[in-house]
Amino acid sequence: TNYSQIIQNLKTELLQSLDHLEYSFHKIQKNALDLKTQDPEALETFEALVSRFSRVTDIFIAKYLRSL
């Protein structure tokens, strides 16, 4: 198994996930953070941010750091 290629693939996956997280972060900044008064679309955007954050941490901790 080529470990350097595995690390490179994980790094690429991590960077793509970080780009998606940043996109969601910038999108959510346009909305107020009071979740009780948000419409369903705004809540969906917030949930996407949380999901993407979870994905980034999973890739980084469970995959990337373990592989290193």
Label point distance in nm, THR45-ASN9, each placed 7 Å from Cα along Cα→Cβ
3.6
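Mind checking the full-extension length gain between LYS27 and ILE61? Use 0.36 nm per residue of separation minus the Cα-Cα distance, one decimal, nm.
Numbers: separation 34, 0.36 × 34 = 12.24 nm, distance 2.54 nm.
Between LYS27 and ILE61, full extension yields an extra 9.7 nm.
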If the cut-off is a Cα-Cα distance under 29 Å, which lysines reach LYS36, setting aside same-chain residues fewer than 8 apart in sequence?
LYS27
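Could you grab the relative contact order for the chain? Cα pairs under 8 Å, six or more apart, rounded to a whole percent.
Values: 34 pairs, mean separation 33.3, N = 68.
Once normalised by length, the contact order is 49 percent.
Hey, what's the chain come to in accessible area per residue, 1.4 Å probe, Å²?
Details: 5360 Å² over 68 residues.
With all protein chains present, the chain gives 79 Å² per residue.
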Considering the chain as a Gaussian network with a 10 Å cut-off on Cα pairs, which listed residue, ASP19, ASP39, ASP58, attains the greatest mean-square fluctuation?
ASP39
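The values are calculated or read from the model by the stated rules, or taken from the named source; none is laboratory data. This is a predicted model, so every value here is computed, not measured. Because the Cβ atoms are built from the backbone with ideal geometry, glycine has one as well, and the counts that use them run over all protein chains shown. Ligands, DNA and RNA are stripped out before the accessible areas are found, and what is left, the full protein with its side chains, is counted by its heavy atoms. Shrake-Rupley method; radii C 1.70, N 1.55, O 1.52, S 1.80 Å.
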